[in-house]
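The values are calculated or read from the model by the stated rules, or taken from the named source; none is laboratory data. On a predicted model such as this, the values are computed, not experimentally measured, just so you know. For neighbour counting, all protein chains shown are included, and Cβ atoms are generated from backbone atoms with ideal geometry for every residue, glycine included.
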């Protein structure tokens with residue numbers, strides 16, 4: 001669908017730069033941003049966030065503890081970014 005949106009010049013320049021750095025189009029960058037905003041508005045509760053069920057939780061007393069190194073966490077974030085953005089940053 002086509003639509004017209006007026007953006008501040010500075011914001012448009014920054015968005016174009018980000019799209020170029022991520023090797024995507026401005027259209028795709030804007031669509032992802034809108035999808036994110038709509039998702040956040042629809043589920044203000046953290047349990048509705050798309051990553052809330054996949055990332056490890058901080059355990060409560062008596063529950064399983066997670067043994068994750070910094071490298072494990074970085075790898076997890078990189079895989080999430082690749083899934084959402086097509087490549088890790």
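Could you check segment 28-55 and list, in sequence order, the residues that are in a loop (DSSP other than H, G, I, E, B) and modelled with pLDDT under 65? Walk me through it before giving the result.
The initial filter retains those residues of segment 28-55 that are in a loop (DSSP other than H, G, I, E, B), namely 43-45, 49-55.
Selection gives 44, 45, 49, 50, 51, 52, 53, 54, 55.
Count, please, the residues in segment 20-41 that happen to be surrounded by 13 or more Cβ atoms within 10 Å (Cβ to Cβ) and within 19 Å of residue 83 (Cβ to Cβ).
We begin by selecting, within segment 20-41, every residue surrounded by 13 or more Cβ atoms within 10 Å (Cβ to Cβ); these are 22, 24, 26, 28-30, 32.
Now restrict to residues that are within 19 Å of residue 83 (Cβ to Cβ): 22, 24, 28-29, 32.
Final tally of qualifying residues: 5.
With respect to residue 64, determine if the residue is modelled with pLDDT under 85, out of contact with any helix residue (DSSP H, G or I) (no Cβ under 9 Å at 6 or more places or on another chain) and loosely packed, with under 12 Cβ neighbours inside 10 Å. So that I can check it myself, show each step before the final result.
On the way: modelled with pLDDT under 85: yes; out of contact with any helix residue (DSSP H, G or I) (no Cβ under 9 Å at 6 or more places or on another chain): yes; loosely packed, with under 12 Cβ neighbours inside 10 Å: yes.
Yes: the conditions hold for residue 64.
Restricting to segment 1-19, name every residue that is part of a helix (DSSP H, G or I) and surrounded by 10 or more Cβ atoms within 10 Å (Cβ to Cβ).
12, 13, 14, 15, 16, 17, 18, 19
May I ask you to list the residues in segment 2-19 that are modelled with pLDDT under 90 and closer than 19 Å to residue 81 by Cα?
none
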